[in-house]
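The values are calculated or read from the model by the stated rules, or taken from the named source; none is laboratory data. These numbers come from a predicted model, not from an experiment. With ideal geometry, Cβ positions are generated from the backbone for all residues, glycine too; neighbour counts draw on all protein chains shown. Quick note on the areas: whole protein, heavy atoms, side chains included, nothing else; ligands and nucleic acids left out. Shrake-Rupley method; radii C 1.70, N 1.55, O 1.52, S 1.80 Å.
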Amino acid sequence: MSRFSGITDNPHEGRFHQKTGILLTNLGSPDAPTASSVRTYLNEFLSDRRIVEIPRLIWMMILHGIILRVRPKRSAKLYKSIWTENGSPLTHITRLQRDKLSALLKQQGYVNTEVVMSMRYGNPSIQSGLEELREKGFTRIVVLPLYPQYSSPTTGSTFDAVANVLREWRWVPELHFINGYHKNTTYIDALANSIREDLQKNGMPQKLVFSYHGMPKLFLDNGDPYHCLCLQTTRLVVEKLNLDKDLQLDKDNVISTFQSRFGKAEWLKPYTDETLKGLPEQGIKDIAIISPAFSADCLETLEEIESENREIFEGAGGEKYRYIAALNDRDDHIEAMLAILEPNLS
C-alpha cells in the first residue's frame, strides 16, 4: 500500500472521506515487573528533560550513579503487586479504550478513521504508532494524550516525542494535537457520574479528596498551568454534582491534594499522604478519594492511592477509606474521548 493511499476524491467513503489516524497516548509501563525492565523504563522516563529540569550533567551522574542502581528493584516489587494476567494495568486499559473508541467511531459513521495506541515511555512507542499510521496511508493525524490537565512533563513531553518523529518524515501529515481537556463538559460529566455512583452506593463521606499527580513547585513558578487546571477540574466537578439536589457538597466537604512526590524539592501542596495522615486527628475518619488526572488505573492509583495511602490513613486512625476508580473504559469516558476528538475529525 502506498503511504499516500489515504488521498481520495470519492465523497461516498464514509462520513468524512479523508483518512484520519488517531494516536491515543499515555505515559507507559515497563514491559515486565522485573528490575531489568523497570531500569530500562526509568532510564527513558527520567532522562527526559521535561521530567527533570536540573543541570543535565549533574542529573545524569545522579541518575546513573544512584537512582538506576537502587530504585528499579524496589519499583519492580510495586509493579508486581498490581500486575495482572493481562500485563500492565495501564497498558491493558489503554488497549480497551482504543478498541471501544474505534467501535464508537465506526458506529458514528467515521469509517475512515483508525485508532492506534502508543506510550510516551516504553512500548508500544510513539514512533511505532506514528509509523503504523503512515504505512496505512493516513494523511491526517490527531494526537490525543490522555492527560486531562496539561502539564509540561506529560502533554508537553508527548508533543516533543511526536515532533521528533515527524521531523524525519519527507511529507509531514496534517497534524492536530489536543493539549488537554480539563474542563471539557463530557469529561466533567463522566467524572461526576463516577463519583455520584459511588456516593449513591456507599453514602456521603466526611471528605471527598481529589488527588492529582504532583510536580515540583518550581514548574508552577516557571509558568506551568497544571496546578490551576487541576483546581478548575475539581471546581467544575463539584458544581456538576451540586446540580443534583440529593448530592450537595460545600468547600468543607472537598479538598484537592497532590501525590507522588519524589526527591527533596518542594512539590505542589497540599501533599496527599500528609493530608490523609492528618485528617483523623481532625475527626475526619470517613473519606472517598479520586484521582482525576489519571485516565486509566496504574501504579500511582492501584498501589499508591488504593494501598499505600489507605495504610497511612487507617494507621492514623481513619476508619472508612474508599478509592473511586479512574474512568478507564467506562462508556461515558469513551463518549467523552469522541466528543474531545470530534472538532478535529471534520
ASN164 assigned to a helix (DSSP H, G or I) and surrounded by fewer than 23 Cβ atoms within 10 Å (Cβ to Cβ): yes
Helices (runs of 4 or more DSSP H) contained in the range 22-138 and holding at least 3 residues buried (at least 18 other Cβ atoms within 10 Å of the Cβ): 35-46, 68-82, 89-107, 126-135
Helices (runs of 4 or more DSSP H) within the range 205-311 that include 1 or more residues in contact (Cβ under 8 Å) with a residue 60 or more places away in the chain and open to solvent by 60 Å² or more (accessible area, probe 1.4 Å): 217-221
Where a residue in the range 172-186 is without any contact (Cβ under 8 Å) to a residue 40 or more places away in the chain and exposed (fewer than 14 other Cβ atoms within 10 Å of the Cβ) and its partner, wherever it lies, is in a loop (DSSP other than H, G, I, E, B) and of a type in the set (Val, Ile, Thr), with Cβ under 8 Å and at least six apart: GLU174/THR139
